[in-house]
Amino acid sequence: MSFNEIKQHGTEDFPFELYNVDKEHPKYKMAFHWHASVELIRVIDGRLSVTLDDRVFEATAGEILFVNSEVIHGATPTNCVYQCLVFNPAFLKTGNDGCNLFLDNLLSQNAHIPERIEDETLKSLVIKMMQEMDERKDGFAFKVIGLAAQFFGTVQEKQYLARQAYAGRDTQKIHKLKKVLKYIRDNFASEITLDDMARQAGLSTKYFCAFFKNMTGTTPVKYLLAYRVERAARKLLGTDESITRIAYDCGFNDLSYFIKTFKDVKRITPKNYRMK
């Protein structure tokens, strides 16, 4: 599943959000999405297969990955516990031209930070940020902002910011995929056909199916169903609407089919999911 995430992470005056994810988390399998913010992913236990645009990274306990701005990303866990820290670097802009230029290059994709964080100083800063976010003691916001600034300062100091395009990154294909994903996000509650999705990518239906599978690892139809289930899951947890109403509002025209599809994706029925 993939979509352009437009939700606010944290608050306007503190745009940082930490997600602690295990098997009980409703988003244990990270849906494909992208956003203007950057993201740090830390594997606590198990294994996490992370896809960044059209590249796959296997991460195990103790490893940390950096997701650059606007990169399509998703993850498949295997007996995994992991944390995600999402934040908007623009919040760290100051009156200093050097700092602002660094962040502007990062946010405009003119440069990027390597995906695997291997420097021990950077790892330590990430862990401290996540601990402060998790404990949320008095003064934690000051500390997190300071640690984030130290993180980027260390990247700049050690010249880890790469100023060339991603090796092998097919920007045209990524642009096509984003158009399809945005179309699905905007129209998931209505009827969507393969032809509709292929048209957004400017491809024939036959070629589109192969293109989509190659980019996401799943078929367009499976993706659409999984996205509808994800939206339904949010409603089940966040509203008291009936399961039937939620099913129809999320693009399912048959309640029994919705229940079956939901169970296939979440390994639990909608009713039990809401109760649990």
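So the values come out like this:
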{"quantity": "Single unsatisfied condition, C209 versus (1) of a type in the set (A, V, I, L, M, F, W, C); (2) surrounded by 19 or more Cβ atoms within 10 Å (Cβ to Cβ); (3) assigned to a helix (DSSP H, G or I); (4) without any contact (Cβ under 8 Å) to a residue 40 or more places away in the chain", "calculated": "(2)"}
{"quantity": "Where L125 falls short, out of the listed (1) modelled with pLDDT under 95; (2) part of a helix (DSSP H, G or I); (3) not basic (K, R)", "calculated": "(1)"}
{"quantity": "Search result, residues across the stretch 191-218 that are of a type in the set (D, E, K, R) and either over 16 Å from D53 (Cα atoms) or in contact with a strand residue (DSSP E or B) (Cβ under 9 Å, 6 or more places away or on another chain) (or both)", "calculated": "E191, D195, D196, R199, K206"}
{"quantity": "Cross-chain or 6+ apart pairs with Cβ under 7 Å, the stretch 108-119 first and touching a residue at least 24 places away in the same chain (Cβ under 8 Å) and closer than 16 Å to S37 by Cβ, then of a type in the set (F, W, Y) and assigned to a loop (DSSP other than H, G, I, E, B)", "calculated": "H112/Y166; I113/Y160"}
{"quantity": "Matching residues, the stretch 39-58, being part of a loop (DSSP other than H, G, I, E, B) and touching a strand residue (DSSP E or B) at 6+ places or on another chain (Cβ under 9 Å)", "calculated": "D53"}
{"quantity": "Positions within the stretch 171-206 being loosely packed, with under 14 Cβ neighbours inside 10 Å and in a loop (DSSP other than H, G, I, E, B), in sequence order", "calculated": "A189, S190, E191, T193, G202, S204"}
{"quantity": "Counted residues, the stretch 250-276 - those being outside any helix (DSSP H, G or I) and touching a helix residue (DSSP H, G or I) at 6+ places or on another chain (Cβ under 9 Å)", "calculated": "7"}
{"quantity": "Yes/no for P77 being touching a helix residue (DSSP H, G or I) at 6+ places or on another chain (Cβ under 7 Å) and either surrounded by fewer than 18 Cβ atoms within 10 Å (Cβ to Cβ) or under 28 Å from F211 (Cβ atoms) (or both)", "calculated": "no"}
{"quantity": "Top-ranked residue in the stretch 8-29 [being of a type outside the set (G, A, S), under 26 Å from L161 (Cα atoms) and surrounded by 16 or more Cβ atoms within 10 Å (Cβ to Cβ); ranked as modelled with the lowest pLDDT]", "calculated": "H9"}
{"quantity": "Candidate set from the stretch 70-103 (those that are assigned to a helix (DSSP H, G or I) and over 20 Å from E12 (Cβ atoms)); member that is nearest to the chain's Cα centre (by Cα)", "calculated": "F102"}
{"quantity": "The stretch 212-249, subset part of a loop (DSSP other than H, G, I, E, B) and more than 17 Å from the chain's Cα centre (by Cα), residue surrounded by the fewest Cβ atoms within 10 Å (Cβ to Cβ)", "calculated": "D240"}
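The values are calculated or read from the model by the stated rules, or taken from the named source; none is laboratory data. Since this is a predicted model, take the numbers as computed values, not measurements. Neighbour counts are summed over all protein chains in view; Cβ atoms, including those assigned to glycine, are modelled from backbone coordinates with ideal geometry.
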